[in-house]
Amino acid sequence: MGAGELLLVGLVLALGLCGVLVPGVPGSWLVWAGVLWWALYDPRPLAWAVLVGSSVVLLLTQAVRWILPPRRLRASGATPRMGVYAGAGALLGFVLLPVVGAIPGFMAGIYLHESRRLGRRAEAVAALRTTMDAGGSGVLAELFGCLLVTAGWLAAVASGR
């Protein structure tokens, strides 16, 4: 697989990560489809192992999302800008504190947005709780799974085996 094709697969994965934050967009399916595309055109054992691992992670993510409350983020006052803050915080946390940093990063992004919007700490904490109860935890679970899959794909591509 050439550099241009890898770049396109990376773009599909990035769109999938962004799609997790947008209601109605099949973010995890886009991430999985990107890994599938890569594995079909790069038939090495490592590519197939990443595809199988990605499938397992994303299926577990969907099972966790089923257990958690459904998305009712709009009713809780969540805005698209809040999704950008939460997604950026999760990505930054995932990179700075590998893997586990996505969870506090996601919540810090929501808190930062709410504290800028509301101005007071107590109100921002209450808004964070409301958002997480209204479906933010499900979005976090799906985003975390997609970040794991993307990191696995990047590691496999970087290893070059």
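Spin-label point model (7 Å from Cα, Cβ direction): what's the LEU46 to VAL125 distance in nm?
Once both label points are built, they end up 4.7 nm from each other.
Ignoring ligands, DNA and RNA, please state the percent of accessible area on the chain from carbon and sulfur, probe 1.4 Å.
Numbers: 6440 of 8840 Å².
Taking all protein chains in place, the chain shows 73 percent carbon and sulfur surface.
If I fit a long axis through the Cα atoms of helix 137-159 and take the longest principal axis of the Cα atoms of the chain, what angle between them do I get, 0 to 90°, rounded to 10?
30 degrees
Under 13 Å from a point 7 Å along the Cα-to-Cβ line of VAL25: which residues of region 83-120 have their amide N that close?
Only 83-85, 87-88 pass the distance filter.
Against the longest alpha carbon principal axis of the chain, how many degrees, from 0 to 90 and to the nearest 10, is the axis of helix 121-131 turned?
It is inclined by approximately 50 degrees.
Could you give the radius of gyration (one decimal) and Dmax (whole number) of the Cα atoms in region 91-161, in Å?
14.8, 51
Residue by residue through region 83-90, what is 3J(HN,Hα) from phi via Karplus (6.51 cos²θ - 1.76 cosθ + 1.60, θ = phi - 60°)? Round to whole Hz and write x for glycine and proline.
For region 83-90, the Karplus-derived couplings read x, 5, 4, 5, x, 5, x, 5 Hz, x marking Gly and Pro.
Does anyone have the angle between helix 27-41 and the longest principal axis of the chain? Alpha-carbon axes, 0 to 90°, nearest 10?
That works out to roughly 10 degrees.
Go through PHE144, PHE94 and list them by solvent-accessible area, largest first, probe radius 1.4 Å.
PHE144, PHE94
Starting from the Kirkwood Rh over alpha-carbon pairs, what translational D in µm² s⁻¹ does the chain have by Stokes-Einstein at 10 °C and 1.306 mPa s?
Reported coefficient: 98 µm²/s.
Accessible area per residue of region 98-161 at 1.4 Å probe, in Å²? The partial results should precede the final answer.
Details: 3080 Å² over 64 residues.
With the other protein chains kept in place, region 98-161 gives 48 Å² per residue.
For the charge dipole of region 1-135, defined by +1 on Lys and Arg C-beta atoms and -1 on Asp and Glu C-beta atoms about the Cα centroid, which residue among GLY135, LEU40, GLY119 has the Cα displaced farthest towards the positive pole?
Working it through, the farthest residue towards the positive pole turns out to be GLY119.
The values are calculated or read from the model by the stated rules, or taken from the named source; none is laboratory data. None of the values given here were measured: they were computed from a predicted structure. Quick reminder, even Gly has a Cβ in these numbers, built from the backbone with ideal geometry, and neighbours come from all protein chains shown. The protein model used for the area step is the full one, side chains on, heavy atoms only, and it has no ligands, DNA or RNA in it. Shrake-Rupley method; radii C 1.70, N 1.55, O 1.52, S 1.80 Å.
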